[in-house]
Structures are given as structure tokens and as C-alpha cells.
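A short write-up of the structure that comes next.
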Amino acid sequence: MTTEEIYNQIVTEEEVILDKLKEAVLIHAMREYKEDVLCKAVVVEDLLDYMVRTRKISRTSLMARTRRREVTEARQIIWYLISKGITPIKFTLAAMGQLFGRDHCTALHGVRNIETVVQVDSNLRNEVMVMANAFGMSTSWDTEAKELSFV
């Protein structure tokens, strides 16, 4: 019997065991992937859910055209955190704007607005820092430079 014939015989006879082995390897690989990537990845949905929960605003109003301060500020905080790298995927300003049906100029304005406001509003700064920390991003406030840093 040749090596190839022996191999084919083993594969035929032990097909069920080999299928179970393949399945076990696949399950192990998926668990590792989930732990390494999916569990650590912050997705925009999580940011939206967090904002809806903490700010007690509806998800519908976040996506709507409303200009109410609390809703606008919530959108801007999300854009700001995305721009600081809270998500594993880099977003362009255009993509950030599209999350809420806005353009890149609106997203840029929102990011810049939060950058400015956190320098003077300690309540908003603390909220942004707590939110970033909740998603695994360390923050620190430099009182002299009046700058919020993300690690």
C-alpha cells in the first residue's frame, strides 16, 4: 500500500473524528478571535447606546434633524470620541457625519466644539472622560495646558 492509499483509508475510516477535530479547531479559533477583536472593539452602536442611557435621550432624536442642545451635544461628544480613536476603525469626517445623516463640515464643527468646551466646562469634561474610560480609553486632564489627553 502506498502512503497516499494509507492516508485515504485513514481519512475514510476516521472521517467523523476528523470532522470533530476540525470543528474543535474552528470553535477555538472563533473564541480567540472574539476575545481578541470583538470583545475589545468599541462599535458606534455601543457609543449610541451609552449616550442614550446616560443622557436619557431617545435614539430617534439622536438620528433626527433636531437641534436641541442636549441632542446636538450628545452627537458632538460621539464624534469627538471617535476622532480621538475610541473605535478600532478610523473614521473620516464624512463617515462620522453620515452616522447621523450629516456632512463632514458638521462633524468637524462638532469635534472642534467639544474640544473647545471641555477646556472650560468641567462637567462636560468629566462626562467625556468617564465615557472614554467606560470604553477602555484612559484620559487625563492637563490643567496648565488646558488639554484633554487620550491614551
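The values are calculated or read from the model by the stated rules, or taken from the named source; none is laboratory data. The model shown is predicted, which means the values in this text are computed figures rather than measured ones. For neighbour counting, all protein chains shown are included, and Cβ atoms are generated from backbone atoms with ideal geometry for every residue, glycine included.
General remarks:
- Per-region count, the stretch 49-67, residues of a type outside the set (Gly, Ala, Ser) and more than 16 Å from residue 102 (Cα to Cα): 9
- Residues in the stretch 76-103 that are farther than 20 Å from residue 139 by Cα and among the basic types (Lys, Arg): 102 only.
- Some residue of the stretch 136-150 being within 19 Å of the chain's Cα centre (by Cα), of a type outside the set (Lys, Arg) and over 21 Å from residue 43 (Cβ atoms): yes
- Cβ-Cβ under 6 Å pairs, at least 6 apart or on other chains, the stretch 124-147 side without any contact (Cβ under 8 Å) to a residue 12 or more places away in the chain, far side surrounded by 13 or more Cβ atoms within 10 Å (Cβ to Cβ): none
- Scanning the stretch 131-143 turns up no residue that is out of contact with any strand residue (DSSP E or B) (no Cβ under 6 Å at 6 or more places or on another chain), assigned to a helix (DSSP H, G or I) and loosely packed, with under 11 Cβ neighbours inside 10 Å.
- Test: residue in the stretch 121-128 that is assigned by TED's automatic domain parsing to the domain that holds residue 65, over 17 Å from residue 72 (Cα atoms) and either out of contact with any Gly (no Cβ under 8 Å at 6 or more places or on another chain) or surrounded by fewer than 15 Cβ atoms within 10 Å (Cβ to Cβ) (or both): yes
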